[in-house]
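Q: I'd like to ask some things about the structure below.
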Amino acid sequence: MTGGIARPATIYYPSMLRTVLMIWLSAVFVVIGGVIVWLGLAGDSDVPLLGLVGGVVCLPMGIGCGIFFFGRLIRLRPELVLTAEGIEHRQSGTLTWGEVSHVRLFVQRTSAVSTIRYVQVGLHDPAAYFARSSRWIRLLAKTNQKLGFGTINYPESMLGTSAELVIAAMRSYHPTLIVTP
């Protein structure tokens with residue numbers, strides 16, 4: 001409720017273009033791996049052992065990634081839902097606004113020419129969040145904290161919109177939310 005008026009949730013779906021491109025990239029990995037393995041087993045080809053091992057590794061990785069992203073495409077679920085009560089994320093679960101201490105836009109340089117942008121969410125009591133989270137989420141969040149990142153990170157590439165718009169929407173639901181630089 002905002003000012004006594006019920007407000008609908010703000011829902012962010014993953015980028016369909018990115019999901020389709022990841023399926024395509026997985027298919028390319030499967031084709032490349034298949035060709036390398038086929039050439040390596042043909043006998044009249046000089047495929048080095050390391051190349052053959054790479055081809056064997058490409059096949060299950062490409063198939064696994066393709067199945068994962070195809071499943072995401074078929075079972076289209078929201079990546080992030082913002083409501084007057086809090087935040088619900090596909091992987092990291094539900095947080096109430098009372099649990100959130102601050103948010104910030106974090107830009108990580110991955111190479112000389114590319115960056116990854118995150119919406120980082122800080123918590124008042126991370127231990128309470130860890131207690132109800134899955135083992136994988138606990139491990140990931142604790143590792144992020146030790147590396148100096150936020151407890152919870154939402155990559156912009158998976159949100160389907162810009163991090164600034166997500167933070168602005170968070171502030172519209174929770175006006176006293178602290179946004180740190």
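The values are calculated or read from the model by the stated rules, or taken from the named source; none is laboratory data. These numbers come from a predicted model, not from an experiment. When we count neighbours, we look across all protein chains shown, and the Cβ atoms used for this are built from the backbone with ideal geometry, even at glycine. Ligands, DNA and RNA are stripped out before the accessible areas are found, and what is left, the full protein with its side chains, is counted by its heavy atoms. Shrake-Rupley method; radii C 1.70, N 1.55, O 1.52, S 1.80 Å.
Q: Give segment 106-146 a look and list any residue that's under 15 Å from the mean Cα position of the chain (by Cα), open to solvent by 50 Å² or more (accessible area, probe 1.4 Å) and among the hydrophobic types (A, V, I, L, M, F, W, C), or say none. Lay out the reasoning, then the answer.
A: Restricting attention to segment 106-146, the residues satisfying the condition of being under 15 Å from the mean Cα position of the chain (by Cα) are 106-108, 115-121, 136-137, 140-141, 144.
Within this subset, residues satisfying the condition of being open to solvent by 50 Å² or more (accessible area, probe 1.4 Å) are 107-108, 115-117, 136, 140.
Selection gives V107, I116, W136, L140.
Q: Pull out all pairs, ordered by first then second residue, where Cβ-Cβ is under 9 Å, the residues are six or more apart or on different chains, the first lies in segment 120-135 and is among the small types (G, A, S), and the second is part of a strand (DSSP E or B) and open to solvent by 20 Å² or more (accessible area, probe 1.4 Å).
A: Listed pairs, sorted by first residue: G122/S101; G122/H102; G122/R104; G122/I178; G122/T180; S133/G93; S134/G93.
Q: From the set of residues in segment 147-160 that are loosely packed, with under 15 Cβ neighbours inside 10 Å and in contact (Cβ under 8 Å) with a residue 12 or more places away in the chain, which is nearest to L21 (Cα to Cα)? Show your work before the answer.
A: Pass one, segment 147-160, residues loosely packed, with under 15 Cβ neighbours inside 10 Å: 147-148, 155, 157.
If we keep only those that are in contact (Cβ under 8 Å) with a residue 12 or more places away in the chain as well, we get 155, 157.
Values: P155: 17, S157: 13 Å.
Per the criteria, the residue is S157.
Residue-by-condition table, conditions (1) open to solvent by 50 Å² or more (accessible area, probe 1.4 Å); (2) without any contact (Cβ under 8 Å) to a residue 40 or more places away in the chain; (3) part of a helix (DSSP H, G or I):
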position: L21; (1), (2), (3): yes, yes, yes
position: W24; (1), (2), (3): yes, yes, yes
position: V30; (1), (2), (3): no, yes, yes
position: G33; (1), (2), (3): no, yes, yes
position: L39; (1), (2), (3): yes, yes, yes
position: G51; (1), (2), (3): no, yes, yes
position: G54; (1), (2), (3): no, yes, yes
position: C65; (1), (2), (3): yes, no, yes
position: F69; (1), (2), (3): no, no, yes
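Q: May I pose another question? Here is a list of conditions, (1) closer than 27 Å to L165 by Cα; (2) among the hydrophobic types (A, V, I, L, M, F, W, C); (3) in contact with a helix residue (DSSP H, G or I) (Cβ under 7 Å, 6 or more places away or on another chain); (4) not in a loop (DSSP other than H, G, I, E, B), and L17 meets all of them except one; can you say which number that is?
A: Against the list (1) closer than 27 Å to L165 by Cα; (2) among the hydrophobic types (A, V, I, L, M, F, W, C); (3) in contact with a helix residue (DSSP H, G or I) (Cβ under 7 Å, 6 or more places away or on another chain); (4) not in a loop (DSSP other than H, G, I, E, B), L17 comes up short only on (3).
Q: Check whether at least one residue in segment 85-97 is surrounded by 15 or more Cβ atoms within 10 Å (Cβ to Cβ), hydrophobic (A, V, I, L, M, F, W, C), out of contact with any His (no Cβ under 7 Å at 6 or more places or on another chain) and closer than 22 Å to S15 by Cβ, and report yes or no.
A: yes
Q: Further, regarding this structure: Show the residue pairs meeting these rules: Cβ distance below 7 Å; 6+ apart or different chains; first residue within segment 162-181 and farther than 15 Å from R7 by Cβ and among the polar types (S, T, N, Q); second residue open to solvent by less than 90 Å² (accessible area, probe 1.4 Å) and in a strand (DSSP E or B).
A: If the second residue must be open to solvent by less than 90 Å² (accessible area, probe 1.4 Å) and in a strand (DSSP E or B), the pairs left are T180/H102; T180/R104.
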